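Okay, structure first, notes after.
The values are calculated or read from the model by the stated rules, or taken from the named source; none is laboratory data. As the structure is a prediction and not an experimental result, all values here were calculated from the model. When we count neighbours, we look across all protein chains shown, and the Cβ atoms used for this are built from the backbone with ideal geometry, even at glycine.
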Amino acid sequence: MKKKLIFIDGSAGTTGLQVASRLSERADITLISLAESDRKLAHKRADAMQQADVTILCLPDSAAIEAVALAEGTPIRIIDASSAHRTASEWVYGFPELCEGQSDKIAQARLVSNPGCYATGFLALARPLVSAGLISPHQTLIVPAVSGYSGGGKSMITAMREDQLPPYFDYALGLSHKHLPEMTKHSGLLVPPLLIPSVGMFEQGMLVRLAIPSNQLAKKTTIKEMIEIFDTAYSDQPLIKVHSGDDILDLQHSGRVAADGLAGHDGLDIFCFNNPQTEQFLIVARLDNLGKGAAGAAVQNLNIMLGCDPQIGLNLNWQSNF
């Protein structure tokens, strides 16, 4: 079988290194490499893109836009891991589990935009609830979330390791995080959620939460019914695991969910909790911000575009590390 040629533009960045790590040992793929002196030369990058079966952009937004321009008018297939094209109409949104048929769209697409890490966790929770009519499209959802410091790239990783940052902090205090447009568009909501992102003193992992009083639900529901909504949405999705039964009891007993519990993993956990007395729900998505939230998602999308098993090259060794 002829190997597929893959070019990672931005292979020296945090996400690029993670993508390369997942692809470098695969027998079905050959990575196109550029000399360090050529990595910023447009004609060298354009040549690599022309050779590749798929190019993966692991670049800042402005550089990703420039890279896409190099491929204009060609059949070059691209996965963009930046936030530059996540709401663009000519791009397919690269969250295969979003809804029925989304994976087929990715398989046929020339241009695929990788979701943001916060957006991945949020959409995994919000989209099924909106689709089931449990949450009104006009509702403003409040979304507290925390990510490992690797989400800030090399500069934040260095700053955190050199003790230049506090152990935990909120950011995007202007309430205009760059993931909000895709979170709104692809959830089915008509108003942006209120995202409260934080960074903690751990390298990889994240929690994205929905805290919902029952009086904000469109109809009365039980925790069992809510879990069934997620089970129905993800029953045939091997990268998303909906926890129930003993798992939830264990978590309630321990009183904690580890934000880094899926570090190095390419899947996503969903946990549902409630207090019947106060009629409040807490729904939690857990993932690795560099796994299902970035590089793992890019490899999953690549597999789909190449017609491979979507799980090839991914770490899906589920363990109960709560």
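Tabulated data
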read-out	value
Output for region 11-25, where each listed residue is touching a strand residue (DSSP E or B) at 6+ places or on another chain (Cβ under 7 Å), over 17 Å from GLN51 (Cβ atoms) and buried (at least 19 other Cβ atoms within 10 Å of the Cβ)	GLY16, VAL19
So ASP269, is it of a type outside the set (Val, Ile, Thr), surrounded by 22 or more Cβ atoms within 10 Å (Cβ to Cβ) and within 16 Å of TYR149 (Cα to Cα)	no
Residue satisfying all of: in region 159-204; without any contact (Cβ under 8 Å) to a residue 24 or more places away in the chain and not in a loop (DSSP other than H, G, I, E, B); surrounded by the fewest Cβ atoms within 10 Å (Cβ to Cβ) among these	ARG161
Among the residues listed as GLU228, GLU279, the single one being farther than 25 Å from VAL112 by Cβ and at pLDDT below 95	GLU279
For PHE271: the one exception among (1) out of contact with any strand residue (DSSP E or B) (no Cβ under 6 Å at 6 or more places or on another chain); (2) not assigned by TED's automatic domain parsing to the domain that holds GLY13	(1)
Of residues in region 54-105 being hydroxyl-bearing (Ser, Thr, Tyr) and free of Cβ contacts under 8 Å to residues at least 60 places away in the same chain, the one nearest to LEU302 (Cα to Cα)	THR55
Qualifying residues in region 231-253 (those that are within 24 Å of ILE312 (Cα to Cα) and of a type in the set (Gly, Ala, Ser)) - the one modelled with the lowest pLDDT	SER235
Residue in region 143-151 that is in a helix (DSSP H, G or I) and without any contact (Cβ under 8 Å) to a residue 60 or more places away in the chain present	yes
Positions within region 213-234 being under 13 Å from ASP269 (Cα atoms) and of a type outside the set (A, V, I, L, M, F, W, C), in sequence order	ASP231, TYR234
Criterion (in contact (Cβ under 8 Å) with a residue 24 or more places away in the chain and closer than 23 Å to HIS179 by Cα) met by exactly one of LEU239, LEU251	LEU239
Only one of ALA218, ALA233 that is more than 19 Å from SER147 (Cβ to Cβ), crowded, with 18+ Cβ neighbours inside 10 Å and assigned by TED's automatic domain parsing to the domain that holds SER131	ALA233
Residue under evaluation GLN216, criteria (1) within 29 Å of GLY313 (Cα to Cα); (2) of a type outside the set (Val, Ile, Thr); (3) out of contact with any helix residue (DSSP H, G or I) (no Cβ under 8 Å at 6 or more places or on another chain), criterion not met	(1)
Leading residue by the ranking (farthest from the chain's Cα centre (by Cα)) among those in region 83-130 that are among the acidic types (Asp, Glu) and in a loop (DSSP other than H, G, I, E, B)	GLU90
Qualifying residue in region 141-158 (condition: exposed (fewer than 15 other Cβ atoms within 10 Å of the Cβ), under 26 Å from GLN280 (Cα atoms) and not assigned by TED's automatic domain parsing to the domain that holds ALA12)	yes
